[in-house]
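Structure first, commentary second.
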Amino acid sequence: MQKMFRGVLKHRKIVIAIFILLTIICAACIPHVKVNADMSDYLPPSAKSSQDLSAMKETYGNDITNARVYVTGISQVDAEKFTSELKDEGDVVSVTWLGDEVDLDEPLEVQDQDTVSDWYDGQGYLFQMVLSDTVDQQEIDHIRELGYDLPGTQNVAMDGSAVSNASSMSTLDTDMAHIMAIAVITVFVIVMLSTTSYLHPVVMLLTIGIAIILNMGTNIFRGTISSITQLVASVLQLAVSMDYSIVLLTNFGKYREKYDDQFDAMVAAMTKSFPVILSSAAVTFFGFLSLSAMQFLIGQDMGIALAKGIVCSFFTITLLMPCILYNMRKAVEKTTHKPFIKSFKGMARFCHKGAIPALIIVLVIAVPALLGSQGVSFTYGEASNLAPTSQVKLDNDTINEAFGESQTWAIMVPEGQWSEEDTLVNELKALPTTKSVLSYTTVAGDGLPDELADADEVSQLINGGYSRIILTSNIPDEGTVAFNLVETVRNLCEEHYGDGYHLVGNAVSYYDIRSVTSGDNTTVKLASIISIGVVLLIMFKSISIPITLLLAIEVSIWINEAVPYFMGTFVNFVAFLVIDAVQLGASVDYAIIYTEDYLTRRKRMSKRRASIEAIEYAAQPIITSSSILIVACLGIYVVASSPLIQDVGLLIARGAFISVILIFFVLPQLFVIFDGFIRHSSLKLGFFNEKSAASQHSEE
């Protein structure tokens, strides 16, 4: 190992050149990685709504209504003109408005008022559209401009899943820039305060910045990543990777005092740091990778990206960072400063005094926290992921106030079974939430041959051996009412067609997301605990140490997850699913740092003294690393425009803070209590024997 690192440092120019080349290639690949903001696309292929959506697109070539436009102050003539303009737009697949539902040659006053009120409220007209999957914010803005160009227009409001997805994608780059800016400033300030050179944070940021570019660029081999992965993967990689660079810097500082030659000191530091960084990276790697055990494919998307980021950080910090640091050794020496925080003795004494009260508090709240974490209420839909002040949310509120909440679903049933279809249509019309039902039989009547009906209209209703029913309901995107309706409509369809039908709609997808993810929390928890437990078992050659560490961290996770329940707030389901693996993967690094220091000291001193001194000497790397994660994720919470991303940032920041508290107050006390258990369930720990030392001292 030492020979290998000597060779790496000796040929550092080649190593740096290789990393620069890889960085340039990966940086060029980043713009070509596609980003997807639609969470329903990550349903597993086995989910019924996923299969139904594929069948719908294959048969009819387009999705169902995914956008609404409400224009106030315009005349009926201009509304008809606007419809024609919309149909000419490249990303507009189809448009439906009042003129498609009633005969405009007759006065609206003599038309069916329930139908008219669904499309015209006396102030303006509502237009429903099917927009293509490629629609972006620029096209949304253009459609809005077309509405404002009409004579007399007072307001143009737009909402729907296509509009919210386009909005999310448009803010992605801005959010990412803000998040990374906060993360970089955080790292620079905290690392500068905890190290002895003003250039140390620069070297760290440069090294991990290269690792982030390598990770983002290699996403091109995956084709597409989710927007949440795009936003949080980089900042999590930056925050978590700090541990590894801090270990290397700390060891280099120690060996510089032992060696006259900085080359030998760096080689010794690389050799000493490698197994520690490898162990820590392995634990975090498997913690993140456990997300892939989720049925909901967003877990696989995030798990692979985060785990790959750890691999990139591991190699850049163990190979590239020493080369850069050694090349900059003269500049580093010229920019040295005295440590701003010289000692953590006071903190260690405080933690020791508060250990017993802290342990009692944790024992009291552990079970309620576990139960509370299992009772959290979740959000799944697009509307819940809109910031209250965003244009899409404000427009959504405007349209809902004028026309009520609305969901449009499509049902594909076998063509030709007109009697069954008529019965189903009548049953759907009878539902209290139904606003309208459109089918071939309602438009043309079941006695009219296909060839005599309007060809364009028929192609959207009858195609590929299927007849399509369009159901519009007065329901929100998600919630009890929406999910109950999904069950009701599926039951009605099954009564008439068995498994031979397909049902598509936003709430239908969210219903299946809820069903799929209901067991994912337990799956991820078990996968992360088992995988990390095995790594810890191999690392420490102990059964009891992994149990002790995981117990302390799991309790901190329960407390973190229970906060939304006791506060009565909703949490986005994606944020809640990932917190187990992310908090466990990050927090176990801090626990490892403390444990290794404790075990080293326990070989030459009593358990109580070892527990106190381990806090003192492990405090700096733990506080440095955790502070970066906490502040950076709080930055995500503050600057991100998406409530989903805000939830992720808040959960991780709060989780890291709780974990650190338990590691400093509870974990040392657990080591003291379980000292005998740890001694007899571990290999070759070589603990200091207090009784033998006491008897030997008395004999002397």
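The values are calculated or read from the model by the stated rules, or taken from the named source; none is laboratory data. Bear in mind the structure is a predicted one, so any value in this text is a computation, not a measurement. Positions of Cβ are backbone-derived with ideal geometry, glycine not excepted, and every protein chain shown enters the neighbour counts.
Tabulated values for the structure
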item	result
THR624 among the β-branched types (Val, Ile, Thr), in a helix (DSSP H, G or I) and over 30 Å from THR174 (Cα atoms)	no
Test set (1) closer than 27 Å to MET39 by Cβ; (2) in contact with a helix residue (DSSP H, G or I) (Cβ under 7 Å, 6 or more places away or on another chain); (3) surrounded by fewer than 20 Cβ atoms within 10 Å (Cβ to Cβ); (4) free of Cβ contacts under 8 Å to residues at least 40 places away in the same chain - ALA166 fails condition number	(3)
Test: residue in the stretch 141-157 that is surrounded by fewer than 23 Cβ atoms within 10 Å (Cβ to Cβ) and under 30 Å from the mean Cα position of the chain (by Cα)	yes
Residue in the stretch 211-223 that is over 16 Å from PHE314 (Cα atoms) and not in a helix (DSSP H, G or I) present	yes
Matching residues in the stretch 321-339 - criterion: being surrounded by fewer than 23 Cβ atoms within 10 Å (Cβ to Cβ), assigned to a helix (DSSP H, G or I) and hydrophobic (A, V, I, L, M, F, W, C)	CYS323, ILE324, ALA331, VAL332
Condition met for MET266 (modelled with pLDDT of 85 or more and surrounded by 24 or more Cβ atoms within 10 Å (Cβ to Cβ))	yes
Any hit, the stretch 149-165, residues being assigned to a helix (DSSP H, G or I) and acidic (Asp, Glu)	no
Number of the exception - THR316 against (1) outside the structural domain of VAL524 (by TED's automatic domain parsing); (2) in a helix (DSSP H, G or I); (3) over 24 Å from GLN262 (Cβ atoms)	(3)
Test for VAL102: is it touching a helix residue (DSSP H, G or I) at 6+ places or on another chain (Cβ under 7 Å), more than 18 Å from GLY160 (Cα to Cα), not acidic (Asp, Glu) and not in a loop (DSSP other than H, G, I, E, B)	no
Unmet requirement for MET605, which otherwise passes all of (1) assigned to a helix (DSSP H, G or I); (2) surrounded by fewer than 24 Cβ atoms within 10 Å (Cβ to Cβ)	(1)
Tally, over the stretch 42-86, of residues that are part of a helix (DSSP H, G or I) and either within 17 Å of TYR501 (Cβ to Cβ) or free of Cβ contacts under 8 Å to residues at least 24 places away in the same chain (or both)	15
Boolean, VAL283 is crowded, with 24+ Cβ neighbours inside 10 Å, touching a residue at least 60 places away in the same chain (Cβ under 8 Å) and over 25 Å from ILE25 (Cα atoms)	yes
Number of the condition not met by ALA183 [criteria: (1) within 25 Å of GLY381 (Cβ to Cβ); (2) crowded, with 21+ Cβ neighbours inside 10 Å]	(1)
Answer from ASP121, ASP159, ASP175, ASP141 - the residue that is farther than 27 Å from GLN646 by Cα and either in contact with an Asp or Glu (Cβ under 7 Å, 6 or more places away or on another chain) or not assigned by TED's automatic domain parsing to the domain that holds ALA28 (or both)	ASP121
Only listed residue being more than 20 Å from the chain's Cα centre (by Cα), outside the structural domain of PHE540 (by TED's automatic domain parsing) and outside any helix (DSSP H, G or I), chosen from ASP260, ASP264	ASP260
Selection from the stretch 514-545 of residues that are within 18 Å of LEU599 (Cα to Cα) and in contact (Cβ under 8 Å) with a residue 40 or more places away in the chain	VAL535, LEU536, MET539, PHE540, LYS541, SER542, ILE543, SER544, ILE545
Residues being of a type in the set (A, V, I, L, M, F, W, C) and buried (at least 19 other Cβ atoms within 10 Å of the Cβ) - total across the stretch 363-375	1
The one condition in (1) surrounded by fewer than 20 Cβ atoms within 10 Å (Cβ to Cβ); (2) out of contact with any Leu (no Cβ under 9 Å at 6 or more places or on another chain); (3) at pLDDT 90 or above; (4) not polar (S, T, N, Q) that ASP260 fails to fulfil	(3)
Condition met for ASP41 (at pLDDT below 85 and not polar (S, T, N, Q))	yes
Scope the stretch 516-542; condition surrounded by 17 or more Cβ atoms within 10 Å (Cβ to Cβ) and over 19 Å from PHE288 (Cβ atoms); matching residues	VAL516, PHE540, SER542
Within the stretch 634-685, considering residues that are more than 25 Å from the chain's Cα centre (by Cα), outside any helix (DSSP H, G or I) and polar (S, T, N, Q), the one modelled with the lowest pLDDT	SER682
Residue count, the stretch 352-381 (criterion: among the small types (Gly, Ala, Ser), assigned to a helix (DSSP H, G or I) and over 14 Å from ILE663 (Cα atoms))	4
Within the stretch 1-41, considering residues that are of a type in the set (D, E, K, R) and part of a helix (DSSP H, G or I), the one farthest from MET216 (Cα to Cα)	LYS3
